[in-house]
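For reference, the structure discussed in these notes is given below.
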Amino acid sequence: MWTNKKDTLNMELIQLRQEGYLTEEAEKAAAELKNDEEIDKFYDILFSNLKKDKNYKYTEPEELEDILSSASPSSPEKDIRSLNSCEISDKMKGAWFGRFIGCTLGKPFECGHYVVSAFGNYGCQNVTAWFKGADAYPITNYAPLHSEAEKTGLQLNPATKGCTLGNITCMEQDDDVQYTVLGMKMIEEKGYGFTSWDTGLYWHSHLPYRTVCTAETAAYQNFTQLYPFTCDKKPDNWKDLIKYNHLHRNPYREWIGAAIRIDAFAYAFAGRPLEAAKAAYQDASFSHVKNGVYSAMFLSAMISSAFVEKDVDKLVEIALSFLPPESRAYETVLKAMELAAEDTSDEEMMIKLWQAFSNYDWVHSLNNLAAVVVSVLRSKGDYLKGTALAVNCGFDTDCNGATVGSILGALNGFSNLPEHLCSPLNDTVYTGVLGFERKASISEFAEKSFKTFEKLLNEKR
């Protein structure tokens with residue numbers, strides 16, 4: 001359980017309402033519950049007593065075959081084989097560094113003043129205020145440690161001094177790091193045979209429990225109930241068991257967690273967005289459903305396509321083709337495209353973004369998906385512009401900075417990334433993933449991804 005039982009139930013009711021269930025009576029009954037025992041009993045029968053709103057306008061399939069058949073997946077016209085190995089290797093390194101630069105840029109703002117509204121401002125306005133108060137706006141570098149904005153009450157995340165300008169020596173440990181590294185290991189070892197079952201085994205083998213959050217915490221716990229400790233073989237009825245794994249006491253099943261876990265799959269299937277999206281589905285479905293899964297597939301397809309496609313409009317179009325057209329994720333991307341195309345300043349656009357999507361929790365998949373899309377589109381392919389805007393948008397600042405950094409890092413390649421952003425990392429990352437040296441080389445991870453890419457490209461399915 002990520003939080004206490006009362007909060008978990010309340011978030012479940014919000015989640016169910018967003019999925020189109022009629023929850024009014026359940027909410028009234030939940031408000032009368034007095035203790036954990038009553039909450040458990042209520043939660044156990046909650047799903048059986050709910051009805052779907054007949055006017056709910058979305059159709060959101062959950063099985064991979066149904067998702068792909070409702071969508072119209074497309075691929076970049078340029079084949080990955082038309083690039084030479086040096087180009088692909090440079091793009092692979094650019095994606096890894098790009099991700100970690102974006103994460104480092106965003107980490108100081110992953111706290112209350114910037115991810116939700118505070119001091120009468122939207123979170124995006126507070127990010128702007130911090131940089132303006134440090135005479136560092138527009139954003140061209142890492143976050144200054146101090147700002148005149150402190151006088152208004154704004155503060156950076158106090159645990160992230162090592163991610164501020166002049167204090168960076170490496171990519172610090174972070175969930176946006178651990179999942180990329182673990183994904184690299186999983187796809188390296190399993191290749192085309194990778195499934196959601198493997199996600200569970202690898203998490204239990206390589207991720208300490210306290211390094212996972214929200215939906216990942218729920219799935220991590222649920223998985224312990226589904227198989228004997230001594231068993232590594234996937235059960236024949238795993239397709240049924242996984243529903244328990246991603247649903248039981250998991251009101252976070254459409255939050256951002258799955259979307260931050262997919263980069264290594266996209267690297268392994270560079271230039272092949274369909275395979276990247278399929279791998280993302282396998283991983284995401286371990287802990288997420290519907291839009292939590294769709295966002296992961298969308299971003300995996302987009303990162304994969306960025307290895308061969310430089311037009312950011314086409315990148316979004318390709319990724320959009322993997323979404324069910326009657327889903328909230330599809331609607332979200334269309335709205336983000338509309339906002340990105342408006343003839344307004346970035347500051348005005350970000351306010352409209354918050355007005356459109358701040359009804360979701362700041363770590364939901366959809367508002368953050370919108371932030372990624374507007375940032376990529378408005379970047380026009382410029383790495384610094386896009387990554388800075390992703391952080392400036394607020395919501396989940398380090399996750400969005402990392403994702404846009406990964407997309408635009410692959411698009412531009414390491415050789416075209418800003419040196420003043422690359423060098424402070426000292427080609428060093430702390431992973432937090434068991435089975436790896438705690439201190440590791442970013443370049444070596446990129447080389448591992450490149451070798452896996454080559455292996456899979458030349459393998460027959």
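The values are calculated or read from the model by the stated rules, or taken from the named source; none is laboratory data. This structure is a prediction, so every number in the text was calculated from the model and none was measured. Because the Cβ atoms are built from the backbone with ideal geometry, glycine has one as well, and the counts that use them run over all protein chains shown. Just the protein is used for accessible areas: all its heavy atoms, side chains included, with ligands, DNA and RNA removed. Shrake-Rupley method; radii C 1.70, N 1.55, O 1.52, S 1.80 Å.
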Residues being touching a helix residue (DSSP H, G or I) at 6+ places or on another chain (Cβ under 9 Å), among the acidic types (Asp, Glu) and open to solvent by 40 Å² or more (accessible area, probe 1.4 Å): count how many of those fall in region 332-372.
3
Could you check PRO228 against (1) part of a loop (DSSP other than H, G, I, E, B); (2) in contact with a Gly (Cβ under 7 Å, 6 or more places away or on another chain) and say which number it fails?
(2)
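Listed here are the residues, each with its yes/no results for (1) farther than 19 Å from THR403 by Cα; (2) assigned to a helix (DSSP H, G or I).
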site: ASP283; (1), (2): no, yes
site: PHE298; (1), (2): no, yes
site: LYS310; (1), (2): no, no
site: VAL316; (1), (2): no, yes
site: GLU331; (1), (2): yes, yes
site: ALA336; (1), (2): no, yes
site: THR344; (1), (2): yes, no
site: LYS352; (1), (2): yes, yes
site: ALA356; (1), (2): yes, yes
Which one of these does VAL429 not meet: (1) buried (at least 22 other Cβ atoms within 10 Å of the Cβ); (2) modelled with pLDDT under 95; (3) in contact with a strand residue (DSSP E or B) (Cβ under 6 Å, 6 or more places away or on another chain)?
(2)
Every pair of residues 6+ apart whose Cβ atoms lie under 6 Å, when the first sits in region 193-211 and is farther than 24 Å from GLU459 by Cβ while the second is surrounded by 13 or more Cβ atoms within 10 Å (Cβ to Cβ) and of a type in the set (Gly, Ala, Ser):
THR211/GLY432
Would you mind telling me which numbered condition in (1) modelled with pLDDT of 95 or more; (2) of a type in the set (A, V, I, L, M); (3) out of contact with any Lys or Arg (no Cβ under 9 Å at 6 or more places or on another chain) LEU64 fails?
(3)
From ALA219, ALA268, ALA276, ALA259, grab the single residue that is over 23 Å from ALA329 (Cα atoms), buried (at least 22 other Cβ atoms within 10 Å of the Cβ) and of a type in the set (A, V, I, L, M, F, W, C).
ALA268
In the list ASN245, ASN237, which residue meets the criterion of being buried (at least 24 other Cβ atoms within 10 Å of the Cβ), of a type in the set (S, T, N, Q) and out of contact with any Cys (no Cβ under 6 Å at 6 or more places or on another chain)?
ASN245
For region 432-459, give me each residue that is more than 19 Å from SER304 (Cα to Cα), open to solvent by 30 Å² or more (accessible area, probe 1.4 Å) and at pLDDT below 95.
LEU434, GLY435, PHE436, GLU437, ARG438, LYS439
So, in region 50-76, exactly how many residues are surrounded by fewer than 11 Cβ atoms within 10 Å (Cβ to Cβ) and either touching a His at 6+ places or on another chain (Cβ under 9 Å) or without any contact (Cβ under 8 Å) to a residue 60 or more places away in the chain (or both)?
4
Region 266-281, subset assigned to a helix (DSSP H, G or I), out of contact with any Pro (no Cβ under 6 Å at 6 or more places or on another chain) and among the hydrophobic types (A, V, I, L, M, F, W, C), residue nearest to SER69 (Cα to Cα)
ALA277
Applying the selection to region 321-372, what residues are small (Gly, Ala, Ser) and under 22 Å from ARG17 (Cβ atoms)?
SER327, ALA329, ALA356, SER358, SER365, ALA370
